[in-house]
Each structure stands twice: as structure tokens, then as C-alpha cells.
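The values are calculated or read from the model by the stated rules, or taken from the named source; none is laboratory data. The model shown is predicted, which means the values in this text are computed figures rather than measured ones. All Cβ positions, even for glycine, are placed from backbone atoms using ideal geometry, and neighbour counts span all protein chains on display.
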Amino acid sequence: MKRIGILTSGGDAPGMNAAIRAVTRRALDKGLEVFGINYGYAGLVAGDIFPLTAADVSDRIQRGGTFLYSARYPEFAKVEGQLKGIEQLKKFGIDALVVIGGDGSYHGALRLTEHGYNAVGLPGTIDNDIPYTDFTIGFDTAVSTVIESIDKIRDTATSHERTFVIEVMGRGAGDIALWSGVAGGAEEIIVPEREFDIAEVAQRIKEGREKGKKHMLVVLAEGVMHAQEFADKLNSYGDFQVRSTVLGHVQRGGSPTARDRVLASKMGAYAVDLLEDGKGGVAIGIEDNKLTYHNMLDLFDNKHKPDLSLYDLNQSLSR
Ligand code: F6P
């Protein structure tokens, strides 16, 4: 292996730049050449590919987003798309790839490996919804962003004695809601992985009010329902002065936290080591604070499980 390519795909996540930097610097350190691929698989197919030097990744570690840009490109699921991508890999002399993204991006990586181009996946998504890793790159930053907002919402909620429903991202996963709910001292956390009864939630809010609580914060994972719909349902149980806030894409931006930068640096360097070892079709994770890798097929067969002990913890701390 002489030349590796690197791309970011799917929703961007803070720490992706730190991962690109780590892959580039580790590869250069080993005497390999590195090529950046813009716009994920779309850029691969279009040949939007350029050499990366150590200087190109300087002043990137602290920046949010991805300087290689990202795209969702379902066309790469088809063989025609993959063959066009391979033509470009041949043209640029790239032997192996690092793909940073969510598990959708891993499907493309596995296909390339099957075509003879080893690809290693790094979990880059704020959702933390990838199996065989305790944390994904970007999750810690997203949670920090959410709690900054929760703290601000709490100020106004207290002043007006209101209930707030705060919708956070996570697609089908409740991780952001669970972590930010506990860290933000929310009264209720609503996630897709735990059933809830809206009448019981309303009853608990009523009891909190009677105990003299001045604010009631409900952190709602977007995969359950929209914040306004939840607020309307709550309102039908009494006058809780409910307001709803959707935090949206603010959660995807910003300078990565130290934890995300370190995670991205460790994983990026490890990806190059694995490629050098001839590994492909594998995804890197961090489990019990150790770097691990698993076959991508095992990831597709398994569903990520959030830490639901946080839900139970919050139930007992928020009364
Ligand atoms: O996967 C990351 C994520 O931010 C999810 O939390 C969210 O559901 C989705 O992407 C939003 O996608 P888009 O940016 O394409 O609207």
C-alpha cells in the first residue's frame, strides 16, 4: 500500500477535521501518500480528489464541520456508482481508504473492500448510534452544545414558571437526549428506546409544580415525535404553560471538545495502522476505553443500544 484516500460522508460531526488530520499525519509519518476526497462518495465518483500534505491539515483540529465537505449519496449503493468510484481510485493510484461517517457510509466502505480496495470506517456522527463503540466522534461536542442551550432555557423557564419541551437530534437514537437530559438536570427524558405514558408525564409535572418547582424541562429525542406535538399533548392535561424549542442543526456545529479531538486523533491514527496491516471492511470503535475494530457485517447485524441506566438515574434524581 502506497497511497490512501480519505473522505467524510453523511451528516457532518465536530471532530471530523481532527480525524482527517490524524489520518493524514499518521500516513505521512509512515511514508505513505494521502489524497483527500471532497463531498464523500459523490466526490469519489466525480473524481474530486487532491493530494493532502501535513500543512493542509494544519489549523484544522479545532474547527467544526469537515473541510473535505460531506454529502449523502444513495447512488453509491448501486454497482454502477461503485464502479465509477473504482475507476477514480485507479486513476489516482489510491490503494485503500478511510471513511469517516455513520453506518450508512460504512455500506459504501464494505462494497469498496469487496471490490479489492480495503476501506476502514471511523464512527463520525453526533448521534452515537453505531454498534460496537461506546462513543462516536462528535457526540460529546453535540451534548455540550445541547446543555449550553438547556441552561439558557432554564433561566427563562424559571422566570415564567414554564414547562419547556426541548427537541434534540439523534435520528432514531436517544443518546443525545439521555446524556444532555442528565447533564442538564431535566425533569423528563423521552427517548424512542423507552416507552412512556403522556398522562404519567403530565402527572409528574403537576406534582413537581405542587412541590414548588419553578421550571419543568422535558428533553425529547427527535425520533419520538416533534416538540410541538408533544407540547400540545401535554397541554391537553392542564395549563403547564408549555413552550417548545427545536435545537436543530446548531447541534452539528462548533469547535470539537477535547474528548472528541482526542477520540478522533486516536481513531484516525489507528485506521492507518489497520490499513497497513491489510485490514479492510472493518469499523473502528472505542470500548471500555480501548480501541477495537469489528467487521462491518457484524455492525449491520447489530443495533446500537443506548445507556438506558441514564434514564432510570434521571427518574430518581429529578423528583
Ligand atoms: O445523523 C446526524 C443527524 O444530525 C441526525 O441527528 C438528524 O436526524 C439528521 O442528521 C439530519 O439530517 P440532515 O442534516 O440531512 O437534515
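Applying the criterion of being in contact with a strand residue (DSSP E or B) (Cβ under 6 Å, 6 or more places away or on another chain) and outside any helix (DSSP H, G or I) to the residues of the stretch 139-167, the residue that is farthest from the ligand (Cβ to nearest atom) is Arg162. For the stretch 185-201, which residues satisfy the criterion of being free of Cβ contacts under 8 Å to residues at least 40 places away in the same chain, more than 16 Å from the ligand (Cβ to nearest atom) and surrounded by fewer than 19 Cβ atoms within 10 Å (Cβ to Cβ)? Once the filter is applied, which keeps residues that are free of Cβ contacts under 8 Å to residues at least 40 places away in the same chain, more than 16 Å from the ligand (Cβ to nearest atom) and surrounded by fewer than 19 Cβ atoms within 10 Å (Cβ to Cβ), the stretch 185-201 yields Glu195, Phe196, Asp197, Ile198, Ala199, Glu200. For the stretch 86-128, a tally of residues being away from the ligand (no atom under 16 Å from the Cβ) and in a helix (DSSP H, G or I) returns 13.
Return the residues of the stretch 211-253 that are surrounded by 15 or more Cβ atoms within 10 Å (Cβ to Cβ), more than 16 Å from the ligand (Cβ to nearest atom) and of a type in the set (D, E, K, R); say none if nothing qualifies. Correct list: Lys213, Lys233, Arg243.
Look at (1) surrounded by fewer than 15 Cβ atoms within 10 Å (Cβ to Cβ); (2) assigned by the TED database to the domain that holds Ser159 and you find that Asp277 fails only one, number (2).
With respect to Leu32, is the statement that it is more than 28 Å from Gly248 (Cβ to Cβ), in contact with a strand residue (DSSP E or B) (Cβ under 7 Å, 6 or more places away or on another chain), touching a residue at least 24 places away in the same chain (Cβ under 8 Å) and surrounded by fewer than 21 Cβ atoms within 10 Å (Cβ to Cβ) true?
Details: more than 28 Å from Gly248 (Cβ to Cβ): yes; in contact with a strand residue (DSSP E or B) (Cβ under 7 Å, 6 or more places away or on another chain): yes; touching a residue at least 24 places away in the same chain (Cβ under 8 Å): yes; surrounded by fewer than 21 Cβ atoms within 10 Å (Cβ to Cβ): yes.
It is true that Leu32 is more than 28 Å from Gly248 (Cβ to Cβ), in contact with a strand residue (DSSP E or B) (Cβ under 7 Å, 6 or more places away or on another chain), touching a residue at least 24 places away in the same chain (Cβ under 8 Å) and surrounded by fewer than 21 Cβ atoms within 10 Å (Cβ to Cβ).
Taken together, the criteria exclude Lys290 from residues that are surrounded by fewer than 19 Cβ atoms within 10 Å (Cβ to Cβ), on the phi < 0 side of the Ramachandran plot and touching a residue at least 60 places away in the same chain (Cβ under 8 Å). Taking strands (runs of 3 or more DSSP E) as the structural unit, those lying wholly within the stretch 1-67 and holding at least 1 residues that are out of contact with any Phe, Trp or Tyr (no Cβ under 9 Å at 6 or more places or on another chain) correspond to 33-37.
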